Amino acid sequence: MTTTDPSASFGGKPLKGQDPRVRPALVEGENESFATVTEAVAKVSEVPVPSTNKAWIVGFAISLSLLGMLGLLLVHLITTGVGVWGNNNPVYWGWPIVNFVFWVGIGHAGTLISAVLFLTRQNWRTGVNRAAEAMTIFAVVCAGMFPGVHIGRVWVAYWLFPLPNQMEMWPNFRSPLLWDVFAVSTYASVSLLFWYMGMIPDLATLRDRAVNTPRKIAYGIAALGWSGSSRHWHRYERAYLLLAALATPLVLSVHSVVSFDFAVSQVPGWHTTIFPPYFVAGAIFSGFAMVLTLMVPARQFFGLKHIITMNHIDVMCRILMATGMLVGYAYAIEFFIAWYGGVQYETFAFVNRAFGNYWWAYWIMVSCNVIFPQIFWSKKLRRNLWVVMLVSITTNIGMWFERFVITVTSLSRDFVPSSWGYFSPTWVDMCMFLGSFGLFFTLFLLFLRFLPTVAIAEVKTVMPQAHAHGHDSHGSSDSHAPSGAPIGGGSAAPASKQDA
Amino acid sequence: MSDQNQNSSEIHGVVGYYSDVDGIMNASRKIRDAGYKKWDAYTPFPVHGIDEAMGTKPTILPWIVLGMGLTGLCVGLGLQWFTNAYDYKFLISGKPTWSLPANIPVTFEVIILFSAYTAFFGMLALNKLPHLSNPLHKLERFKRVTDDKFAICVESKDPNFDLARVSKLLGVGSEHVETCPIDTTKAALPIWFHGVAAILTCASFIPLALAFKGRFATSEKPQYHVWPDMDFQRKRKTQTAWEGFPDGRAMRLPVAGTVATGELRDDFELYHGVAQGTAVPASVRYDAALFGSAAGADRPEWLAGFPAAVVVDEPFLERGRARYGIYCAVCHGNQGNGVGAVALRAENLDAAKWGWVPPKALHSDNAKAYSNGELFHIASNGISTMAGYSAQVPAKDRWAIVAYIRAIQATQALDPSAAPQDVEFQPVPTIDSVRVSDSGADGE
């Protein structure tokens with residue numbers, strides 16, 4: 001359905017290839033109908049368990065083993081104490097906090113794709129938003145685990161919340177760590193609502209296609225009796241718009257608050273005002289990298305190539321490169337301010353970052369986050385899935401090292417030289433981080449297998465058949481547009497030139 | 001017509017099916033224009049412009065969300081104000097207990113939390129979901145409405161409902177028209193379910209009740225230790241017994257001859273009041289029998305003068321006067337006559353019957369007879385019922401007090417005949433004179 005207009009020209013010169021005034025179809029392939037979209041997505045969860053894709057079974061077995069290892073390590077940690085980690089004077093925030101920030105960062109792209117791209121009418125989001133939202137929730141689960149067990153005595157973790165207690169004390173609401181509790185728990189629950197709400201119509205689709213009783217009951221209850229009523233759709237779309245509008249500032253606030261954990265302290269290298277935007281940019285960057293890492297194999301294995309198209313990959317690669325440059329800019333500005341500010345401790349902290357005893361971590365970070373994504377200037381490389389996979393994975397590695405560099409280099413060289421030290425992780429640190437991937441991928445693979453991976457109803461709205469063609473109806477739809485629901489806004493009609 | 005009514009009471013409504021968006025848009029307009037109220041269009045996705053075609057009014061959901069967002073604002077601010085500025089004031093580096101900027105992040109999150117929950121649950125409530133039992137879901141053909149078909153159902157509850165007319169209206173451009181029967185299946189929950197539900201509901205209150213009991217009741221039982229290794233550590237505490245060492249103590253004594261920092265008292269004159277290199281008297285209360293004139297050969301070689309470490313000059317005497325006023329005068333009186341505030345009080349209470357020995361007048365002959373070393377030893381270790389002051393007063397200050405006592409002895413309670421006659425003579429009060437007059441309570 002991709003349209004090439006041979007008469008297209010720009011400045012008198014004929015244009016090669018596709019006319020940029022014509023948007024390519026969001027769902028690719030000939031003769032795609034509503035039914036084929038439903039079929040493509042729903043059949044992923046409907047194949048019998050024995051005939052599940054082998055890659056899924058192998059991946060799930062590995063993930064589940066890692067999850068089991070994580071469980072055993074948690075028992076070891078809780079019964080023995082946090083001394084099993086490498087955290088010690090002066091680096092009391094070791095890998096657990098690095099991992100926390102790493103996973104929370106990944107958890108940002110889901111809401112960004114769902115909410116920000118929804119509000120900006122980027123209709124291409126429909127192909128990937130569901131999986132990205134799921135990724136968000138599972139990443140936040142992994143993120144929440146680390147500070148949860150880092151507090152040491154997990155059985156009094158409820159002290160984090162303002163609950164009446166026999167000590168008649170309240171938590172200190174001026175502590176960024178308490179802001180973090182509120183921000184991350186709000187983000188987790190709102191993301192869960194957003195994800196689940198988006199799934200309700202698709203769960204109804206799976207319910208109506210279900211042939212055996214367990215599926216009928218499970219999807220029947222989960223779909224809450226959704227009937228597709230237009231009066232329901234009306235309120236649903238309004239609620240979805242409201243959630244998107246609420247989630248957009250939320251997603252920006254969460255990583256800002258995470259950055260306050262560092263920035264509100266006085267440790268050189270942390271005490272900078274650039275941290276909130278810098279962290280948010282890094283979060284989007286790492287989140288998109290993880291979306292690519294997950295989506296490229298998933299679309300391959302589950303036959304969703306016509307819904308999650310090469311154009312999606314292409315757009316996300318471009319976002320990856322743009323946010324990578326934002327992050328690179330933040331690295332540069334940090335150095336500039338350290339020099340320009342003239343504070344000797346700050347200057348030392350940054351020179352130490354790049355050339356001190358953690359120089360290797362710093363340069364891994366710069367290579368992976370700033371240098372490697374630059375190859376996406378080339379369209380050819382953006383469309384080479386091996387390159388995309390490689391760069392998305394190195395970006396994840398680079399972003400983990402960014403948090404490691406921020407946390408560990410500053411702490412290991414604080415104000416008092418007598419307490420300087422070198423942080424070494426223990427085997428428990430490493431295996432728990434590995435285990436958190438087990439937790440993440442177990443949940444994600446279960447999601448891929450049993451829930452609607454793609455927002456079926458939303459994809460249908462961006463197909464040309466979703467729009468009334470009668471002259472009468474078109475006029476009325478335009479008049480309705482300002483107050484109406486933005487899903488499937490008129491710009492999606494593929495052959496129209498209204499966006500020129 | 002009666003036959004028609006009979007039918008309409010047994011059916012839920014009439015359903016027309018359409019294969020595309022245009023079909024359902026046109027049918028919706030027709031039903032809307034025919035004035036029906038109890039009807040709905042069912043679509044696999046939100047169809048753009050169908051709200052207008054159906055005449056749906058905008059939902060009030062945004063206003064509800066706004067209201068709850070404002071509630072979240074108040075709750076967020078109120079929670080922080082109550083907990084940190086009112087009920088449990090946090091005083092950190094002298095900062096004000098209530099300062100808005102630090103409270104904005106949490107307030108913001110609470111606003112979002114309230115608004116988002118309201119948007120989701122408000123949407124469900126307005127849509128009357130969850131609603132698992134819907135007669136339309138019994139229709140096999142209706143299942144495709146969540147896939148690729150579009151449907152309109154006009155319900156029999158509509159006051160204008162007329163089966164033939166509705167069927168005709170829905171039939172234009174439709175694939176199929178059918179009636180939807182009322183759901184007559186008796187799918188009531190089994191009776192045991194209610195019992196189990198009731199028991200579980202009651203049981204769910206038990207943790208809350210236990211929490212409340214723990215909150216408001218007291219108990220003699222020790223605290224329950226979830227993880228005892230922090231409360232009960234594998235170590236021995238000081239001043240406890242343990243059979244692990246031969247002496248049965250859990251703590252170790254210092255090696256014999258250990259001297260703590262600053263405690264090396266090798267200047268005998270300064271610290272013990274005896275000549276350097278002679279026997280050091282035990283640090284016990286002064287025993288007149290042992291150390292007085294009756295002591296004989298065991299009498300330490302008390303220092304007659306002052307140690308070499310101190311210089312007796314005016315500032316030293318001034319220091320002694322100040323220390324004397326702080327530590328000694330409450331009993332011995334400012335004039336050294338033994339009429340301090342404590343002595344007077346003890347006299348009034350007749351404290352001698354409890355073993356109280358009155359403080360001596362420091363200018364008595366007995367006191368004058370003591371050497372400087374003995375006076376220092378008494379100031380350090382006490383005498384009779386007087387306690388030693390070595391813990392409170394450093395050694396040099398005790399020597400300053402000794403010097404001041406000598407000054408008292410040189411200037412107080414002199415022979416009246418030797419006093420200058422041009423000064424109005426006032427005898428120093430004694431404890432007896434005070435008792436008789438009962439007026440010089442301040443001892444001056």
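The values are calculated or read from the model by the stated rules, or taken from the named source; none is laboratory data. Treat the numbers as computed from the prediction; the structure is a model and nothing was measured. Every residue, glycine among them, receives a Cβ derived from its backbone with ideal geometry; neighbour counts consider all protein chains shown.
Structure data summary
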| quantity | calculated |
| --- | --- |
| Residues that are more than 8 Å from chain A (Cβ to nearest Cβ) and either touching a residue at least 24 places away in the same chain (Cβ under 8 Å) or not in a helix (DSSP H, G or I) (or both), drawn from segment B:79-94 | B:Lys89, B:Leu91, B:Ser93, B:Gly94 |
| Failed condition for A:Ser33, given (1) at pLDDT 80 or above; (2) under 24 Å from the mean Cα position of the chain (by Cα) | (2) |
| Subset of segment A:438-454 (residues that are polar (S, T, N, Q) and under 21 Å from A:Ala204 (Cα atoms)) | A:Thr453 |
| Any chance A:Ala188 is under 16 Å from the mean Cα position of the chain (by Cα) and not polar (S, T, N, Q) | yes |
| Matching residues in segment B:363-376 - criterion: being part of a helix (DSSP H, G or I) and closer than 21 Å to B:Ala275 by Cα | B:Ala367, B:Lys368, B:Ala369, B:Asn372, B:Gly373, B:Glu374, B:Leu375, B:Phe376 |
| Residue check, B:Phe108 over 19 Å from A:Met169 (Cβ atoms) and assigned to a helix (DSSP H, G or I) | yes |
| Residue check, B:Lys30 more than 7 Å from chain A (Cβ to nearest Cβ), in a helix (DSSP H, G or I), charged (D, E, K, R) and surrounded by fewer than 23 Cβ atoms within 10 Å (Cβ to Cβ) | yes |
| From B:Gly76, B:Gly72, B:Gly55, residue being crowded, with 17+ Cβ neighbours inside 10 Å, free of Cβ contacts under 8 Å to residues at least 40 places away in the same chain and more than 7 Å from chain A (Cβ to nearest Cβ) | B:Gly76 |
| Residue match in segment A:422-444 (condition: assigned to a helix (DSSP H, G or I) and closer than 30 Å to B:Pro46 by Cα) | yes |
| Candidates B:Ala188, B:Ala198, B:Ala164, filtered to the one that is over 60 Å from the mean Cα position of the chain (by Cα), among the hydrophobic types (A, V, I, L, M, F, W, C) and surrounded by fewer than 12 Cβ atoms within 10 Å (Cβ to Cβ) | B:Ala164 |
| Yes/no for A:Leu77 being surrounded by 19 or more Cβ atoms within 10 Å (Cβ to Cβ), touching a residue at least 60 places away in the same chain (Cβ under 8 Å), more than 30 Å from A:Val462 (Cβ to Cβ) and within 14 Å of chain B (Cβ to nearest Cβ) | yes |
| Cβ pairs under 7 Å, 6+ apart, first in segment A:215-237 and at positive phi, second among the polar types (S, T, N, Q) | A:Gly225/B:Asn134; A:Gly228/B:Thr43; A:Gly228/B:Thr146 |
| Every residue from segment A:373-391 that is within 15 Å of A:Val327 (Cα to Cα) and buried (at least 21 other Cβ atoms within 10 Å of the Cβ) | A:Pro373 |
| Residue in segment A:222-230 that is at the interface with chain B (Cβ under 7 Å from one of its Cβ atoms), part of a helix (DSSP H, G or I) and modelled with pLDDT of 90 or more present | yes |
| In segment B:216-258, residue farthest from the other protein chains (Cβ to nearest Cβ) [restricted to those that are among the aromatic types (Phe, Trp, Tyr), assigned to a loop (DSSP other than H, G, I, E, B) and under 33 Å from the mean Cα position of the chain (by Cα)] | B:Phe232 |
| Flag for A:Met135 being within 12 Å of chain B (Cβ to nearest Cβ) and either surrounded by fewer than 16 Cβ atoms within 10 Å (Cβ to Cβ) or within 18 Å of the chain's Cα centre (by Cα) (or both) | no |
| Some residue of segment A:145-153 being at the interface with chain B (Cβ under 9 Å from one of its Cβ atoms) and in a helix (DSSP H, G or I) | no |
| Meets criteria (touching a residue at least 12 places away in the same chain (Cβ under 8 Å), surrounded by fewer than 10 Cβ atoms within 10 Å (Cβ to Cβ), among the hydroxyl-bearing types (Ser, Thr, Tyr) and part of a loop (DSSP other than H, G, I, E, B)) for B:Thr261 | no |
| Residues (more than 7 Å from every other protein chain (Cβ to nearest Cβ) and in contact with a helix residue (DSSP H, G or I) (Cβ under 6 Å, 6 or more places away or on another chain)) located in segment B:123-152 | B:Phe142, B:Phe150, B:Ala151, B:Ile152 |
| Residues being modelled with pLDDT under 90 and either out of contact with any helix residue (DSSP H, G or I) (no Cβ under 9 Å at 6 or more places or on another chain) or not in a loop (DSSP other than H, G, I, E, B) (or both) - total across segment B:55-70 | 0 |
| Subset of segment A:190-204 that is in contact (Cβ under 8 Å) with a residue 60 or more places away in the chain and over 16 Å from A:Leu448 (Cα atoms) - its residue that is farthest from the other protein chains (Cβ to nearest Cβ) | A:Ser191 |
| Residue list for segment B:145-157, filter: crowded, with 18+ Cβ neighbours inside 10 Å and either more than 30 Å from A:Ala35 (Cα to Cα) or free of Cβ contacts under 8 Å to residues at least 40 places away in the same chain (or both) | B:Ser156 |
| Residue satisfying all of: in segment A:266-296; small (Gly, Ala, Ser) and either free of Cβ contacts under 8 Å to residues at least 40 places away in the same chain or in a helix (DSSP H, G or I) (or both); farthest from A:Arg174 (Cα to Cα) among these | A:Ala289 |
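A quick yes/no check of all residues on (1) outside any helix (DSSP H, G or I); (2) among the small types (Gly, Ala, Ser):
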| position | (1), (2) |
| --- | --- |
| B:Val311 | yes, no |
| B:Asn334 | yes, no |
| B:Gly338 | yes, yes |
| B:Glu347 | no, no |
| B:Ala361 | yes, yes |
| B:Ile378 | no, no |
